[in-house]
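For reference, the structure is listed below as structure tokens.
The values are calculated or read from the model by the stated rules, or taken from the named source; none is laboratory data. As the structure is a prediction and not an experimental result, all values here were calculated from the model. Quick reminder, even Gly has a Cβ in these numbers, built from the backbone with ideal geometry, and neighbours come from all protein chains shown. Areas reflect the complete protein model, heavy atoms only, side chains present, ligands, DNA and RNA absent. Shrake-Rupley method; radii C 1.70, N 1.55, O 1.52, S 1.80 Å.
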Amino acid sequence: MRAPVRLIVPAVALALAVPLAAQTPPPPIVKTEGLKQISPHIHIIPDNSTPLVPNVGYVIGEKAILVIDTGLGPRNGAAVYEVAKKLGGEKQLYLVTTHVHPEHDLGAQAFPASIKLIRSNTQVKDIAEFGLQMAEIFAKRTALNAELLKDANFRKADITFDKDYDLDLGGVHARLTAMGANHTAGDTIIWVDADRVLFSGDLAMRAQPAFASPHSSLKHWMGSLDQLEALKPAIIVPSHGPTGDGVGFITGYRTYLNEVRERATAEKKAGHSVDETVTAVTAAFGDRAPDKARLAGAIRSAYAEAP
């Protein structure tokens, strides 16, 4: 008989939009008219929770601007760049992406040669390993996706780093940190200490965590959440969805992943297969985890790592 695991995930931590399978998704276009300032040095273009649109960030210093994420394909990238020019005039521009999925990275080629693209070495490895596989999948979904991604390709980095990179923008610093195998192996966060703002990528947000890489690790993700929480952010800007105040997204993810781990470990100890474990744990979560595919990814990672 399986021992019960009494862990409760706060509903707010896993709130998710109604699945769009039966609906036509809105176009994946960055709405630049939504640009807004969220702190003394930071503006964002919210994604309005539109699929395949990221939250785009701008960290503005006295000497330079850091742009965070590009949108899907060169058309979106060009629009994101135009906003950077309006915000920064003749200031030097830098670009970083939170990971190399198409809606975050494949607009970089629309930026001029003068901009400096910064990548972690883990992102470089992700590109070498997976190439444009996900872009090809996205392009097959709709005619507009195919149009936006036509001739899109990864841009070569001007600056690479291993673990941390401190960028002095003049009067404000942005620290870029390679976080390892969470959502992807190339996850990168951006921390602006002066404003207490964290660009968390897919590591902490409102929607359920997605284990999108064969390298994704629940154990590693839990450690990453500890690192994020230690920063004590006032505002979290995730890759997708609304911004968050304080560490709510982080603690919500930790509670969710901890319950997944506890339940998967109990199932494995009881001698159940990974498929049986996915079925049992999914049933235990019920409506608290509406994205069953994302939940299954987390369960399989937990099962693989369980003793």
Can you give me the span-like helices of the chain, meaning DSSP H runs with 15 Å or more of Cα extent along the axis and Kyte-Doolittle mean at or above 0.0?
274-285
Within the chain: Cβ-based charge dipole about Cα centre, in debye rounded to nearest 20 (Lys, Arg +1; Asp, Glu -1)
360
Whole-number accessible area per residue in Å² for the stretch 200-307, which is evaluated in the context of all protein chains at 1.4 Å
40
Along the three principal axes, how long is the chain when you take its alpha carbons, biggest first, rounded to the nearest angstrom?
68, 42, 33
Would you work out the charge dipole size for the stretch 92-176 about its Cα centre, treating the Cβ of every Lys and Arg as +1 and the Cβ of every Asp and Glu as -1, and quote it to the nearest 20 debye?
120
Need the list of lysines near residue 85 for cross-linking: C-alpha distance under 28 angstrom, and skip anything on the same chain fewer than eight residues off.
31, 36, 63, 116, 150, 156
Exposure rank, largest accessible area first [254, 196; 1.4 Å]:
196, 254
Largest-first ranking of 250, 38 by accessible area, probe 1.4 Å, whole protein assembly kept, is 38, 250
GNM result for the chain, Cα springs below 10 Å: residue of 48, 182, 76 fluctuating most strongly:
48
Which net charge results when you count Lys and Arg as +1 and Asp and Glu as -1 among the other residues whose beta-carbon is under 14 Å from that of residue 196?
-2
Using +1 at the Cβ of each Lys and Arg and -1 at the Cβ of each Asp and Glu in the chain, identify which of 177, 55, 264 lies farthest towards the dipole's positive end.
264
